[in-house]
Every structure is written in structure tokens, then in C-alpha cells.
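Novice: Below is the structure I would like to discuss, written out as C-alpha cells.
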Amino acid sequence: MKRLAAALVLSTAIAQAAHAPTASARDGGAPAVPAAVQSATPALAAYMRDSLYGDVWQRPDLSPRDRSLVTLAALVARNQADDMPDEVDRALENGVRAAELSELITHLAFYTGWGNAVSAAEVAAAAFAERGIGTGQLPAADPTLLPLDAEAEARRESFVQERFGDVSPGVVDKTRDLLFLDLWLRPALTPRDRSLVTVSALVATGKVEQMPFHLNKAMDNGLTKPEASEVLTQLAFYAGWPNVFSALPVAKEVFAAREEK
């Protein structure tokens, strides 16, 4: 029994060390490389310190706040809850409000699955508790919604009904009623930021066939071409080069089509 207890203590310590940074995300400055990464993979530690934290996070075309939104969207989409605590702290330090973080999780439940969102909510709940953030500071279940662009929604609904109305009426109806007449109009995330996390999640999960609609929507909502380009740079590190290279041709077509208008 003593050996078993000792083994359990050791395994717990190893698991904690794997994600423990050498300094807190709250210390300011560049994020710290986790101690386990420095011990096990010095080359990866150098890439993280120099290329990711020392370069990509400092690039000017996307703010640290937006980079945190993109990164968290990728982690939620890929169900990487173990990697989220430091990024949640970093996001809050970078200016993402607790209400926005809460709403990001709610939004991505619909775009990446309920299980992913529940795992992320558990991480966020711990961070909020540590900071004394109560439910009164978080988005209400039934807020006053933002105004609807009725013309744009009518075009979207007509397109979807024509193509898929007889395939799955339930999906088409829920897409209209829950997503575009409710979720997308919740005020805790601006339309631009809601589009930003949606595009990030699609790229992070390789769902590039959904990108044209949502990247166009993001740019209609205020995301600039340099910002969209930099989102892809950020996601190369957090979702992998293959997912981003699959997204590049789609982004290129969207950019070109918009320039021709």
C-alpha cells in the first residue's frame, strides 16, 4: 500500500509539472515555457520561447487580446482542457473580460460540441473562483439581443432551406432559431469577436468547407484582412501547419473575391 501511495503521489506530481510554467502567466511579459518542456524537449522549449512567445505573440497585426481569443477558441475546439488554465489566465490579463470568456465557451458549444464546452467551463470556473468572479459578472441566460440584420438572415435561411430543408428539417430549424436568431445576437461578444472565434475553431478542426461563409461574415463584421491573415499565423502553432495550409486556399479565394467587389 505504501508503494502504491508513493506511486500515486509521484504520478500526480509529474502531471502537475508537465503543465507548470516556470513563472505565472500573471507575472507579465512573455509567457513562461513549462518546466517539463524545458526538461524533456529543450529544442521545443527554444521554439516556444523564441518563435512562439518571442515572435508570434508580439506581431503587430493582431492584438494580444485577439490572440488570446484565437488561442482559446482553438483549445476549446480541440478539447485541450489541460492546456487551458494558463491561457485563461493570459486571456484575462490580455483584456478579455470574464463575460467574454464565458460567452466564447457558450458559443463554441454549438460549433465544436457540448463536451468540449463543458470541459472548458470547468477550467473557466476554477479561474473565475480564484479571481472572485461571480455569476453576476457573467452573461445572463436570456439577455436583450442585438438587432437582427433581417435581410442577411433571410438570404442565409433561403440558401439553407433550398439545399437542406428536405434533408434534415430539424437541423435547418435549429440553425435558424438557436444559432442565427439567438446565439449570434447575444451581446456578451461583439459580432466581430464571435466571428473571430468561429473562424478560429473551424480552422483548428479542419472544417475548411465551412470557412467561406464565416470568414466573409467575420470581415463583414469588422475583421480586417491583415487580422485574418494573422489569425492563420497564430493557429499554425496551436492547431498545426496542416490545418492552416488546408485553410490557406479558402482564405485566398475569400480575399480575392472581396477585392473584386
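Novice: Starting with the fewest neighbours, write out 108, 183 ranked by other beta-carbon atoms found within 10 Å of each beta-carbon.
Specialist: Ascending Cβ contact count within 10 Å gives the list 183, 108.
Novice: Show me, for segment 124-140, the HN-Hα J-couplings you get by feeding each phi into the Karplus relation (A = 6.51, B = -1.76, C = 1.60, θ = phi - 60°), rounded to Hz, glycine and proline as x.
Specialist: Taking θ as phi minus 60°, the curve returns 5, 4, 5, 5, 5, 4, 4, 9, x, 8, x, 5, x, 9, 10, x, 6 Hz for segment 124-140.
Novice: For segment 29-115, calculate the relative contact order in percent as a whole number, restricting contacts to Cα pairs under 8 Å that are 6 or more residues apart.
Specialist: 22 percent
Novice: Under a 5 Å amide H to amide H cut-off, with H placed in plane at 1.01 Å, what residues pair with residue 33 once short-range neighbours are removed?
Specialist: Placed amide hydrogens put 22 under 5 Å from residue 33.
Novice: Between residue 257 and residue 173, what length in nm is gained on full extension when 0.36 nm per residue of separation is reduced by their alpha carbon distance?
Specialist: Values: separation 84, 0.36 × 84 = 30.24 nm, distance 2.97 nm.
That pair, residue 257 and residue 173, stretches by 27.3 nm at full extension.
Novice: Further, regarding this structure: Just want to confirm a number: the relative contact order over the chain, from Cα pairs under 8 angstrom separated by 6+ residues, in percent. Could the numbers behind the result be given before it?
Specialist: Values: 266 pairs, mean separation 49.9, N = 261.
For the chain, the relative contact order is 19 percent.
Novice: Okay, next question. Would you kindly derive the ³J(HN,Hα) couplings of segment 185-190 from the backbone phi angles with the Karplus curve 6.51 cos²θ - 1.76 cosθ + 1.60 (θ = phi - 60°), listing them in order in whole Hz, with x for Gly and Pro?
Specialist: 9, 5, x, 5, 10, 5
Novice: Follow-up. Sequence neighbours fewer than 8 away in the same chain don't count; with that in mind, list the lysines whose C-alpha is under 24 Å from residue 174.
Specialist: Residue 174 reaches 207, 217.
Novice: Describe numerically, in nm with one decimal, the distance between label points set 7 Å from Cα along Cα→Cβ at residue 130 and at residue 157.
Specialist: Result: 4.5 nm between the two label points.
Novice: In addition: Kindly write out, for segment 81-95 in residue order, the coupling ³J(HN,Hα) from the Karplus curve 6.51 cos²θ - 1.76 cosθ + 1.60 (θ = phi - 60°), rounded to whole Hz, with x marking Gly and Pro.
Specialist: Per-residue couplings from phi come out as 4, 4, 8, 7, x, 5, 6, 5, 4, 5, 4, 5, 5, 7, x Hz.
Novice: For segment 54-170, rounded, prolate or oblate, judged on the Cα gyration tensor with a ≥ b ≥ c (square roots of eigenvalues), a/c < 1.5 rounded, else prolate if a/b > b/c?
Specialist: Here segment 54-170 falls in the prolate category.
Novice: Sticking with this structure for a sec: To make sure I understand, if each residue's beta carbon is the centre and we count other beta carbons within 10 Å, what order do 260, 130 fall in, fewest to most?
Specialist: Ascending Cβ contact count within 10 Å gives the list 260, 130.
Novice: Express in whole angstrom the spacing between the alpha-carbon centres of segment 212-255 and segment 75-131.
Specialist: 21 Å
Where a number appears in this text, it was derived from the coordinates with a stated rule and is not lab data. All values derive from a computational prediction rather than experimental measurement. So basically every Cβ, Gly included, is an ideal-geometry build from the backbone, and we count neighbours across all protein chains shown.
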